[in-house]
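All remarks here apply to the structure that follows.
Just so you know, all these numbers are worked out from the coordinates, no wet-lab data involved. Here the structure is a predicted model, which is why all the values come from computation and not from measurement. Using ideal geometry, Cβ is built from the backbone for each residue, glycine included, and neighbour counts are taken over all protein chains shown.
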Amino acid sequence: MRFLSDPMRMEQASAPRRELVELAGRLASREGYNATPLQGVRILRTEAVLHDVPVLYRPGAVFVLQGSKRGMLEGEVYRYDEEHYLAVSVPVPFRMESLASPERPLLAVYVDFDMRLAAEIAARTSGRAVAGRAKSLTSSRMEPGIEDVVLRLLRALRDPVELEVLGAGLLRELHYRVLVGPQGGAMIAALQQRGPSGRIVQSIARLREHYAAGISVAELASEAGMSVPSYHVHFKALTGSTPIQYVKAMRLHEARLIIARRDRTIADVAASVGYASPAQFSRDFKWHFRRTASEEAEWVRRHLGELP
């Protein structure tokens, strides 16, 4: 399915959008993720067309300045392209596809949320956001206020003095703009951790800290104050996965990062993420990523560059 923006669009784009693309192109000089001097901010440049790629994003936002991406989770499609950005309140495994070309590479700014800052802003702005149920992923139109702060952030990244003086404030403003945007209510509901979905968010935080340990769904349900069936229902509603599927995806994505850095054997990696059997790890890895661990590591280095 074609979902890349019309190549003529850039010729008709506003001056701020043209500047955004130019700045991002200069800051992302190589293929893959390009680190910036500002912690938690990366710029992706890719010329590849990607299909059915499993991803697990950190809480934050993705702003595609050129090109197009789509995320698929439980039958829902989340667009993040030149007109929409993706906000992630709870890390969930989903499938992604994107279009780009050497003539018109995909350029995207990834901003990881400072969760303490996000929680502080959520507490101050909860009355301004439209109330909603907690959601892990939300796709929203790129409003002028969001585009403006992203532009000022990229300008600051080109000037060390400006970045030192304004960087923290620009990140704070960007957190604020996202949290009072159309998806703000759903994100704030997740951040405030109230009600059943809030208890699931707390449970997920624990899983992410202890993903390599043995997992007892009954224990997780008890800690959340739910029966096991109720826990399963609320967990799947928020993440699109069962608890066991979620933990497996976390283990495999963590293993992928370790393998891509080339500093461990497959057996060591398997054990470090909670697998007792390297053979089972290899089978699960190939089923999830559609490639062997060594093939996936090469793919990551070729398409994503250095991973944090």
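Computed values, structure above
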{"read-out": "Net charge over other residues, Cβ less than 12 angstrom from the Cβ of residue 19 (K, R count +1; D, E count -1)", "value": "+3"}
{"read-out": "Euclidean distance of C-alpha centroids, region 145-197 and region 61-84, integer Å", "value": "18 Å"}
{"read-out": "Trypsin sites (Lys or Arg not before Pro) within region 187-233: DSSP coil, no more than 16 neighbouring Cβ in 10 Å", "value": "194"}
{"read-out": "Cα centroid separation - region 202-224 against region 254-308, whole Å", "value": "23 Å"}
{"read-out": "Computed [θ] at 222 nm, helices only, for the chain once each DSSP H run of length n ≥ 4 contributes -39500 (n - 2.57)", "value": "-15500 deg cm²/dmol"}
{"read-out": "Global form of region 9-190, assessed from the alpha-carbon gyration tensor, a/c cut-off 1.5", "value": "oblate"}
{"read-out": "Dipole in debye (nearest 20) - the chain, about Cα centre, beta carbon charges: Lys, Arg +1; Asp, Glu -1", "value": "480 debye"}
{"read-out": "Positive-end residue of 212, 109, 233, charge dipole of the chain with Cβ unit charges", "value": "233"}
{"read-out": "Principal axis box of the chain, alpha-carbon based, largest edge first, Å", "value": "55, 47, 41"}
{"read-out": "Rounded, prolate or oblate (a/c below 1.5 giving rounded, otherwise prolate when a/b exceeds b/c) for region 165-308 by Cα gyration tensor", "value": "oblate"}
{"read-out": "Net +/- balance of residues flanking residue 246 in space, Cβ distance below 14 Å, scoring K and R +1, D and E -1", "value": "+1"}
{"read-out": "Two-site FRET efficiency, residue 39 against residue 95, from Cβ-Cβ distance with R₀ of 30 Å, rounded to 0.05", "value": "0.60"}
{"read-out": "Under 5 Å, built H, 5+ apart or other chain: amide partners of residue 142", "value": "84, 85"}
{"read-out": "Selected from 295, 173, 254 as most flexible by GNM, with the chain as the system and alpha-carbon contacts under 10 Å", "value": "295"}
